[in-house]
Amino acid sequence: MLRRLAFIVTVSAAACALAASATAAHKGMTSVHAEATSPEFLFIDAAYNGPPIFDPWHFSHPLADLGCTFRPLDASSEATDSSVTLRIHGRTSGDLFDPDTGEFLGQKDALHAHVAGTVTDAAANHYRIAGTFFDDGSRHVLPGQDYYGIGHLAIKGSAGRVVGRAILYRTTDGGDSWSLDFTKIDTCT
């Protein structure tokens with residue numbers, strides 16, 4: 001009976017410790033469940049082979065340079081002519097600043113994102129788009145970055161396909177802009 005009581009106390013203590021660590025892990029974090037459907041700008045391209053600059057307007061080049069048949073419209077037209085949904089869920093600390101210096105420290109995130117829908121290319125071909133991404137906060141080097149996740153993206157249609165690893169970058173400062181940048185292409189036809 002004493003062994004059984006010791007076992008129950010040990011299991012109960014372990015369960016309490018697990019519950020306490022789960023609560024501590026989420027302290028200072030905010031739950032996120034967001035959906036967006038109408039970006040002002042939708043950039044789709046390939047990231048250059050170099051260190052990331054964390055700005056989709058300065059580190060990309062056209063997929064056509066890689067021999068892909070998918071040639072996206074300009075970012076404003078791509079957003080207008082496409083039907084895409086972005087769902088983000090998880091937890092975030094938001095922007096963190098040093099209380100003494102005011103220096104931006106980054107974010108602590110555990111945010112998952114899913115992109116799905118249809119996009120149109122410059123030749124008026126329609127493609128299905130689907131991607132999954134994860135943002136851990138380690139790439140937030142500037143305040144105000146809404147999402148910066150790494151994952152997998154597929155753009156498929158009767159005219160061709162582009163599949164591979166990609167970055168999803170989203171900012172809402174000055175309008176809702178999404179950037180989908182392939183970093184490694186597995187298939188490009």
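The values are calculated or read from the model by the stated rules, or taken from the named source; none is laboratory data. On a predicted model such as this, the values are computed, not experimentally measured, just so you know. Glycine also receives a Cβ, built like all others from the backbone with ideal geometry; neighbour counts cover every protein chain displayed. Surface areas here come from the heavy atoms of the whole protein model, side chains and all, with no ligands, DNA or RNA. Shrake-Rupley method; radii C 1.70, N 1.55, O 1.52, S 1.80 Å.
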| request: Looking only at region 125-146, decide whether some residue is aliphatic (A, V, I, L, M) and open to solvent by less than 20 Å² (accessible area, probe 1.4 Å). | output: yes
| query | surrounded by fewer than 17 Cβ atoms within 10 Å (Cβ to Cβ) and at positive phi: does that describe Gly102? | reply | yes
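To keep it simple, each residue is scored yes or no on (1) part of a strand (DSSP E or B); (2) in contact (Cβ under 8 Å) with a residue 24 or more places away in the chain; (3) over 21 Å from Pro62 (Cα atoms).
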| site | (1), (2), (3) |
| --- | --- |
| Gly90 | yes, yes, yes |
| Pro99 | no, no, yes |
| Leu111 | yes, yes, yes |
| Thr120 | yes, yes, no |
| Ile129 | yes, yes, no |
| Thr132 | yes, no, yes |
| Tyr148 | yes, yes, no |
| region 155-189, residues that are farther than 18 Å from Tyr127 by Cβ, surrounded by 18 or more Cβ atoms within 10 Å (Cβ to Cβ) and not charged (D, E, K, R) | Ile167, Tyr169, Thr171, Ser177
| remark: Only unsatisfied item for His152, checking (1) touching an Asp or Glu at 6+ places or on another chain (Cβ under 6 Å); (2) open to solvent by 70 Å² or more (accessible area, probe 1.4 Å); (3) at pLDDT 95 or above, is (1)
